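Here the structure comes first, spelled out in structure tokens, and everything after it is commentary.
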Amino acid sequence: MTAATLGRRSPPPSWLLGLAGLAGLVGIVELAPRAGLVDERYLPPFSAMAAALAEQAATAEFWRSLLETLRGWATGLAIAMVAGVALGLVIGGVPPLRAALNSTIEFLRPIPSVALIPLAVLLFGTDMRSTLLLVVYASFWQVLVQVLYGVRDVDPVARETARSYRFRPFTQVRTVIWPTALPYVMTGFRLGAAVALILEITGELIIGSPGLGRQIAVAQTSGAVAAMYALVIVVGLIGVTVNVAARATERRALRWHPSIRRDLAG
Amino acid sequence: MTADPTGAPARPRSATTAMLDVRGLQKIYEGRGRSVEAVRDLTFTVAAGELVCIVGPSGAGKTTLLRCIAGLLDTTAGEVVLEGERVTGPPPGMAVVFQEYGRSLFPWMTVRQNVELPLKEKKVPKDRRRRLVQDSLEAVGLADAQDAHPWQLSGGMQQRVAIARAVAYEPHLLLMDEPFAAVDAQTRADLEDLVRSLWQRLGVTVLFVTHDIDESVYLGQRVIVLSNSPTVVLEDVPIDLPAERDQLTTRSLPRFAELRSHVYELIQLAKSGHRPA
Ligand SMILES: Nc1ncnc2c1ncn2[C@@H]1O[C@H](COP(=O)(O)OP(=O)(O)OP(=O)(O)O)[C@@H](O)[C@H]1O
Ligand SMILES: [Mg+2]
């Protein structure tokens, strides 16, 4: 009895476990190269990466690139969101249109955005617009598909309630369809944000449009391996921040939603 | 709430003014390669200010009938005339209380917002809107729950919100589709009394669909019994019980028992496929 009670100590909180995992990774990256398990030319110890990061942070070039990346990402994502939500509501709200466009969407959606790189370069050269095209294309489908799911999810009883009280079409969109689709829009935003970041960096790396991706390529060709890793870490941190921010927004906007309600109760 | 919070001229409760006229209504659902004749030929009239119950076996087409009257469903033949106008879409002077109250209220809005939204859409001025919301929520005993979200309330409370929303809308005709089927017996009795008192106070015409025989006899001035599908009217039973009803005394009246068994027999007939000559 006593043994059982003692054994049932509450497990450590998940954030502590996560932190421990991260510390473990940092430890391995620090020790493996020092112990000679991996070649330092390919994987410098973590302390070297940290030093390179501090060095980067002192240059104007770094901050300019960071800004370029964030701007490209945000612009692309914003365009994709606006277009995805607007078209999703229209296509989803008009069943014949939806039926007509379904196969077209299913054909265009799986095309990997990177396959459009030659086209983008033809159109815009190594300009930031090339990368923007990729970012918009990739994240647009994420958003559109989610919004279409969302519109389809509208409860028939809620719809009939709105009709029986003679809501105008615009009111129906604003008060019934939009709130139902909102959780899906949020998911679309989260997925779109992640994909947009991937494509932003890919575009900068391959096309050479300005941004952190290009800096990574430059660091790699000039043999500054620690600096390259430092930039990769920065890109990773951006990704994490974006995801956390998106989830926080989701929580606030969807207080009424069953998934969030349960979270609050639990 | 005063006798008539609408301020509109009181409608006379004479049996001659038809509020609702259902003539030769037929509804056939056309599916892929399969068609279901849910309603064959329904004809009846509801006078202004009446409270009429509709009972019938499960699958008799009660919901179908209500949705046709509400203008939510096109009819195959025949017509529905509400206040002299043929119904082709949801008419202005009507409100519906659905059986699925949980899905009919919008969870992303508070109780007050749920009740107020149809009034906003109807362009009721702000002051009056406030008063209607307040009055209707008070009438259903939920004045304190205004800022709660529907999902924070019990089932019976949610259905009362749906009723408050319908009442605040000041409909001439109130349609209710098995509104109390999903609440417990005690709540159900309270809600039945609530419907009767609102009806008496507001002079609204009520068409109440139920599968509960006792409920139909207790509530209605008339009970229309439907045959099974394809549906026709089996009998239109006048309920000659005193206008003042309460759960204990009314239900123990000998006349209540007679009416109840009469309707019960009719439903049994309907189930066995009996149709009027
Ligand atoms: N959308 C639909 N498509 C095809 N058939 C339908 C549809 N809705 C209802 N029906 C059919 O019409 C008939 C009447 O259905 P309805 O829902 O109106 O019955 P009801 O009297 O309301 O039943 P209950 O008491 O169980 O609610 C049933 O046979 C049903 O199968
Ligand atoms: Mg039904």
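Computed from the coordinates by the stated procedures, all read-outs in this text should not be read as laboratory data. This is a predicted model, so every value here is computed, not measured. Please note: Cβ atoms are built from the backbone with ideal geometry, for glycine as well, and neighbour counts cover all protein chains shown.
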Considering residues of region B:200-220 that are away from ligand 2 (no atom under 15 Å from the Cβ) and out of contact with any strand residue (DSSP E or B) (no Cβ under 7 Å at 6 or more places or on another chain) only, the residue nearest to B:Ile69 (Cα to Cα): B:Gly203
Positions within region B:224-241 being within 16 Å of ligand 1 (Cβ to nearest atom) and in a strand (DSSP E or B), in sequence order: B:Ile224, B:Val225, B:Leu226, B:Thr231, B:Val232, B:Val233, B:Leu234
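Can you tell me how many residues within region B:26-44 are polar (S, T, N, Q), farther than 16 Å from B:Thr63 by Cβ and surrounded by 14 or more Cβ atoms within 10 Å (Cβ to Cβ)?
Going through region B:26-44, the residues polar (S, T, N, Q) turn out to be B:26, B:35, B:43.
Cutting the leftovers down to farther than 16 Å from B:Thr63 by Cβ gives us B:35, B:43.
Add one more test, that the residue is surrounded by 14 or more Cβ atoms within 10 Å (Cβ to Cβ), and what stays is none.
Residues that pass the stated criteria total 0.
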Per-region count, region B:88-142, residues more than 10 Å from chain A (Cβ to nearest Cβ), over 20 Å from A:Asp155 (Cα atoms) and of a type outside the set (D, E, K, R): 13
Enumeration of residues in region B:69-95 that are surrounded by fewer than 17 Cβ atoms within 10 Å (Cβ to Cβ) and of a type in the set (D, E, K, R): B:Asp74, B:Glu79, B:Glu85, B:Arg86
The one condition in (1) free of Cβ contacts under 8 Å to residues at least 24 places away in the same chain; (2) surrounded by fewer than 21 Cβ atoms within 10 Å (Cβ to Cβ) that A:Ala194 fails to fulfil: (1)
Any chance B:Val223 is among the β-branched types (Val, Ile, Thr), away from ligand 2 (no atom under 16 Å from the Cβ), more than 14 Å from every other protein chain (Cβ to nearest Cβ) and buried (at least 20 other Cβ atoms within 10 Å of the Cβ): yes
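Look at region B:204-223 and say how many of its residues are outside any helix (DSSP H, G or I), under 16 Å from B:Tyr264 (Cα atoms), within 12 Å of the chain's Cα centre (by Cα) and more than 13 Å from ligand 1 (Cβ to nearest atom). Please lay out each step first, then the result.
Taking region B:204-223 as the starting set, the residues that turn out to be outside any helix (DSSP H, G or I) are B:204-212, B:220-223.
Filter again for under 16 Å from B:Tyr264 (Cα atoms), leaving B:209-212, B:220, B:222-223.
When the remaining residues are screened for being within 12 Å of the chain's Cα centre (by Cα), the result is B:209-210, B:220.
Pick out the ones that are also more than 13 Å from ligand 1 (Cβ to nearest atom) and you get B:220.
Adding up the residues that qualify gives 1.
Which residue is farthest from A:Phe167 (Cα to Cα), if the candidates are limited to region B:102-113 and must be buried (at least 24 other Cβ atoms within 10 Å of the Cβ) and in contact with a Pro (Cβ under 7 Å, 6 or more places away or on another chain)?
Residues of region B:102-113 that are buried (at least 24 other Cβ atoms within 10 Å of the Cβ), as a first pass: B:104-105, B:111.
Going one step further and asking which of them are in contact with a Pro (Cβ under 7 Å, 6 or more places away or on another chain), we end up with B:105, B:111.
Working: B:Leu105: 14, B:Val111: 18 Å.
Residue satisfying both the conditions and the ranking: B:Val111.
Based on this model, can you work out whether A:Ala253 counts as within 14 Å of chain B (Cβ to nearest Cβ) and either closer than 16 Å to A:Leu77 by Cβ or of a type outside the set (Val, Ile, Thr) (or both)?
yes
Hey, can you tell me all the residues within region B:151-182 that are in a loop (DSSP other than H, G, I, E, B) and either surrounded by fewer than 20 Cβ atoms within 10 Å (Cβ to Cβ) or within 16 Å of ligand 2 (Cβ to nearest atom) (or both)? Before the answer, list the steps.
Taking region B:151-182 first, the residues in a loop (DSSP other than H, G, I, E, B) are B:153-154, B:169-172, B:178-182.
Correct list: B:Leu153, B:Ser154, B:Glu178, B:Pro179, B:Phe180, B:Ala181, B:Ala182.
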All positions within region A:67-113 that are within 30 Å of A:Gly236 (Cα to Cα) and of a type in the set (Val, Ile, Thr): A:Thr69, A:Thr75, A:Ile79, A:Val82, A:Val85, A:Ile111
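For region A:126-217, give me every one of the helices (runs of 4 or more DSSP H) that falls completely inside it and has 3 or more residues that are within 14 Å of another protein chain (Cβ to nearest Cβ).
Working: elements: A:128-152, A:156-164, A:169-172, A:178-206.
Qualifying helices (runs of 4 or more DSSP H): A:156-164, A:169-172, A:178-206.
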Selection from region B:22-78 of residues that are aliphatic (A, V, I, L, M), away from chain A (no Cβ under 14 Å) and either more than 8 Å from ligand 1 (Cβ to nearest atom) or under 15 Å from B:Thr88 (Cβ atoms) (or both): B:Val22, B:Leu25, B:Ile28, B:Leu42, B:Val46, B:Ala47, B:Ala48, B:Leu51, B:Val52, B:Ile54, B:Val55, B:Ala77
Which numbered condition B:Glu170 misses (of (1) within 16 Å of ligand 1 (Cβ to nearest atom); (2) within 14 Å of chain A (Cβ to nearest Cβ)): (1)
